[in-house]
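One structure is given below, encoded as structure tokens.
The values are calculated or read from the model by the stated rules, or taken from the named source; none is laboratory data. Just so you know, these numbers come straight off a predicted model, no measurement behind them. Please note: Cβ atoms are built from the backbone with ideal geometry, for glycine as well, and neighbour counts cover all protein chains shown. The accessibility values were calculated without ligands, DNA or RNA, using every heavy atom of the protein model including side chains. Shrake-Rupley method; radii C 1.70, N 1.55, O 1.52, S 1.80 Å.
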Amino acid sequence: IPDEIDLNTLTAADKWILSKVNSLAKEITANMDNFDLGIAVQKIYDFIWEEFCDWYIEMVKPRLWNDEDETKGAALWTLKNVLINALKMLHPYMPFITEEIFCNLQDEEASIMVSAWPEYKAEWNFEQEEYAVETIKEAVRAIRNVRTSMNVAPSKKAKVYVVSENQKLLEIFEHSKVFFETLGHASEVFFKSDNQ
């Protein structure tokens, strides 16, 4: 895992999750300053399970399995940094388990108890990538809902057609074709600007 990385080498998914954990750090700090501890822990829980585990880890699996992928290092760097930041925010609630994971995950800091609290970083704010990935997530959810309503077995792959007159939207989907194949169980993905 590289210690430092050029943020320009990150994919949209990497930038999306960094932007999410960045915003979370700002929100959690404000919640804790106001003693809204229940709200803060619920936000951390939702982020770790829904955004990080359910979506990001699934998005990066193909990159991690492929030794030829040039973005594998960026994915590993992002996974490590996001997990460390999430552990630091979770530490006040689960001190022993977060300390154990933290110490086994990295060698840079001796203990989570004396590590720096995550702070908002302007360079980790990626609004366009957040919008793009949230759009993809909506589409994947819609595909999954259709598959469920039609009782399509998870093992069966289907062709996916993306139709939109909005060129920017089509570009978002074209750049995220692999997400449809892995998360939406698509055999092929086709992009069209009309129904013809």
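Using C-alpha pairs under 8 Å with a sequence gap of at least 6, the mean separation divided by the residue count of the chain gives a relative contact order of 24 percent.
A protection proxy built from the mean count of other Cβ atoms within 10 Å ranks the segments 9-20, 49-60, most packed first, as 9-20, 49-60. Using Cβ point charges alone (K and R +1, D and E -1), the dipole size of the chain about the Cα centre works out to roughly 960 debye.
Estimated at 0.36 nm per residue, the fully extended path between residue 147 and residue 80 surpasses their Cα-Cα distance by 20.8 nm. Screening the chain for whole DSSP H helices with an alpha carbon extent of at least 30 angstrom along the helix axis and a mean Kyte-Doolittle hydropathy of at least -1.0 yields 12-33, 127-149.
How would 46, 6 line up by accessible area, probe 1.4 Å, largest first? Write down the numbers at each step before the final one.
Values: 46 50, 6 85 Å².
The residues order as 6, 46, largest area first.
A probe of 1.4 angstrom, applied to the heavy atoms of all protein chains, finds residue 39 with accessible area near 90 square angstrom.
When the accessible area of the range 1-154 is split by element with a 1.4 Å probe, what percent falls to carbon and sulfur? Within the range 1-154, the accessible surface is 55 percent carbon and sulfur. Taking a probe of 1.4 angstrom, what is the accessible area of residue 131 in Å², to the nearest 10? Per-residue accessible area (residue 131): approximately 140 Å². Compute the whole-percent fraction of alpha carbon pairs in the chain spaced more than 23 Å apart. Above the 23 Å cut-off, the chain has 50 percent of its Cα pairs. For residue 191, the residues 5 or more places off, or on other chains, whose built amide H falls under 5 Å of its own are 162.
Solvent-accessible area per residue in the chain equals 60 Å², computed with a 1.4 angstrom probe and all protein chains kept. Under the rule a/c < 1.5 gives rounded, and otherwise a/b versus b/c splits prolate from oblate, where does the range 1-51 land using the Cα gyration tensor? The shape class here is prolate.
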